[in-house]
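The values are calculated or read from the model by the stated rules, or taken from the named source; none is laboratory data. What you see is a predicted model; the values in this text were computed from it and never measured. Because the Cβ atoms are built from the backbone with ideal geometry, glycine has one as well, and the counts that use them run over all protein chains shown.
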Amino acid sequence: MLAQAQTALASAGARVITTVSATDQLVSEDPTTQEQLATIVGEPTAPAEELPALAAEALALGLSPSTTVIGGEVLDGLLSAGFLAPIGSGPSQATLEEIGAPGQVIVVLSGGRGDQPVLAPEAFAVPLVDALAELDVPVAAGESLLTDYPFVGDVRSDGTVTVDDLDQTMGGAALVLGLEELLATGNGGAYGVKDGAEPLPPLP
């Protein structure tokens, strides 16, 4: 699914600034780890069960050009502490300084096969997408066609692009065309083949 999204975006001329993955550390039961996360998100007295969503909200604030939160600092803090993990070489200092600039689009992926993951989509991915949409940051959410734990149905809104078959070629095309529509008009869309989804938008 990640490869399909990256290929589709690259084919459309997009530049992927960085790719990271949320880790199970976000829902760690270790008190020291919980305290560290609470400190990073600026909520030292927050209950442990609220920390993943608070981390998502803090990251969203950093990814928004309309806030005073420095996105690179939030991302770097979560990466350095192991709450996020880089996919690939990880962001350089120059890349971190770009995070949260105007014109950036965020793509959030979740879902897979097998047992329910330790870090469920509703713990981090859903609040991240919701917070980004609330801040008017262009955001898309994608899952694979046969995922055992879907999440895009929980984040569909006027300002969000969702794709429920992003591991398919048509899903990659829908991601690109949906984002183009979102950037041009501010309107999102629910694309794919599952209940509540729309057909692929027409080619320009």
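For T147, indicate whether it is among the polar types (S, T, N, Q), more than 15 Å from the chain's Cα centre (by Cα), outside the structural domain of V41 (by TED's automatic domain parsing) and buried (at least 18 other Cβ atoms within 10 Å of the Cβ).
Yes; evaluated as a whole, the condition is true for this residue.
Can you pull out the residues in the range 3-36 that are in a loop (DSSP other than H, G, I, E, B), surrounded by 12 or more Cβ atoms within 10 Å (Cβ to Cβ) and in contact (Cβ under 8 Å) with a residue 12 or more places away in the chain?
A12, A14, I17, T18, T19, T23
From (1) at pLDDT below 95; (2) of a type outside the set (D, E, K, R); (3) under 15 Å from the mean Cα position of the chain (by Cα); (4) surrounded by fewer than 20 Cβ atoms within 10 Å (Cβ to Cβ), pick out the condition that doesn't hold for G100.
(4)
Looking at (1) free of Cβ contacts under 8 Å to residues at least 40 places away in the same chain; (2) assigned to a loop (DSSP other than H, G, I, E, B), find the lone condition where T67 falls short.
(1)
State whether the residues of the range 140-155 include one that is within 24 Å of P52 (Cβ to Cβ), touching a residue at least 12 places away in the same chain (Cβ under 8 Å), part of a helix (DSSP H, G or I) and not charged (D, E, K, R).
The answer is yes, given that some residue of the range 140-155 is within 24 Å of P52 (Cβ to Cβ), touching a residue at least 12 places away in the same chain (Cβ under 8 Å), part of a helix (DSSP H, G or I) and not charged (D, E, K, R).
Scanning the range 103-118 for residues that are touching a strand residue (DSSP E or B) at 6+ places or on another chain (Cβ under 6 Å) and surrounded by 20 or more Cβ atoms within 10 Å (Cβ to Cβ), which turns out farthest from I70 (Cα to Cα)? Walk me through how you get there before you give the answer.
So in the range 103-118, the residues touching a strand residue (DSSP E or B) at 6+ places or on another chain (Cβ under 6 Å) come out as 106-109.
Adding the requirement that they be surrounded by 20 or more Cβ atoms within 10 Å (Cβ to Cβ) leaves 107-109.
Values: V107: 19, V108: 20, L109: 23 Å.
Only one residue tops the list, namely L109.
Considering the range 168-188 alone, what residues qualify as being under 16 Å from the mean Cα position of the chain (by Cα) and not in a helix (DSSP H, G or I)?
Listed by number, the list holds a single entry, G188.
Which condition does T39 not pass, out of (1) over 19 Å from T95 (Cβ atoms); (2) assigned to a loop (DSSP other than H, G, I, E, B); (3) among the hydroxyl-bearing types (S, T, Y), if it passes all the others?
Failing condition for T39: (2).
Return the residue satisfying two criteria in turn: it lies in the range 74-86 and is in contact with a helix residue (DSSP H, G or I) (Cβ under 7 Å, 6 or more places away or on another chain) and either in a loop (DSSP other than H, G, I, E, B) or without any contact (Cβ under 8 Å) to a residue 12 or more places away in the chain (or both), and of such residues it is surrounded by the most Cβ atoms within 10 Å (Cβ to Cβ).
If we filter the range 74-86 for residues that are in contact with a helix residue (DSSP H, G or I) (Cβ under 7 Å, 6 or more places away or on another chain), which is where we start, we get 74-78, 81-84, 86.
With either in a loop (DSSP other than H, G, I, E, B) or without any contact (Cβ under 8 Å) to a residue 12 or more places away in the chain (or both) added as a condition, the list becomes 81-83.
On the way: A81: 15, G82: 15, F83: 26.
Taking the candidates together, the pick is F83.
Among the numbered conditions (1) of a type in the set (S, T, N, Q); (2) touching a helix residue (DSSP H, G or I) at 6+ places or on another chain (Cβ under 9 Å); (3) surrounded by fewer than 15 Cβ atoms within 10 Å (Cβ to Cβ), tell me where S64 comes up short.
(3)
Just give me the residues in the range 156-167 being of a type outside the set (S, T, Y) and not in a loop (DSSP other than H, G, I, E, B), in sequence order.
Initial filter on the range 156-167 (of a type outside the set (S, T, Y)): 156, 158-159, 161, 163-167.
Once the filter is applied, which keeps residues that are of a type outside the set (S, T, Y) and not in a loop (DSSP other than H, G, I, E, B), the range 156-167 yields V161, V163.
Can you tell me which of L175, L166 is among the hydrophobic types (A, V, I, L, M, F, W, C), surrounded by 16 or more Cβ atoms within 10 Å (Cβ to Cβ) and within 23 Å of D115 (Cβ to Cβ)? Lay out the reasoning, then the answer.
Numbers: L175 fails: within 23 Å of D115 (Cβ to Cβ).
Result of the check over L175, L166: L166.
Residues being without any contact (Cβ under 8 Å) to a residue 12 or more places away in the chain and not hydroxyl-bearing (S, T, Y): count how many of those fall in the range 44-64.
First, the residues of the range 44-64 that are without any contact (Cβ under 8 Å) to a residue 12 or more places away in the chain: 44-47, 49-50.
After this cut, where a residue has to be not hydroxyl-bearing (S, T, Y) as well, the list is 44, 46-47, 49-50.
The qualifying residues number 5.
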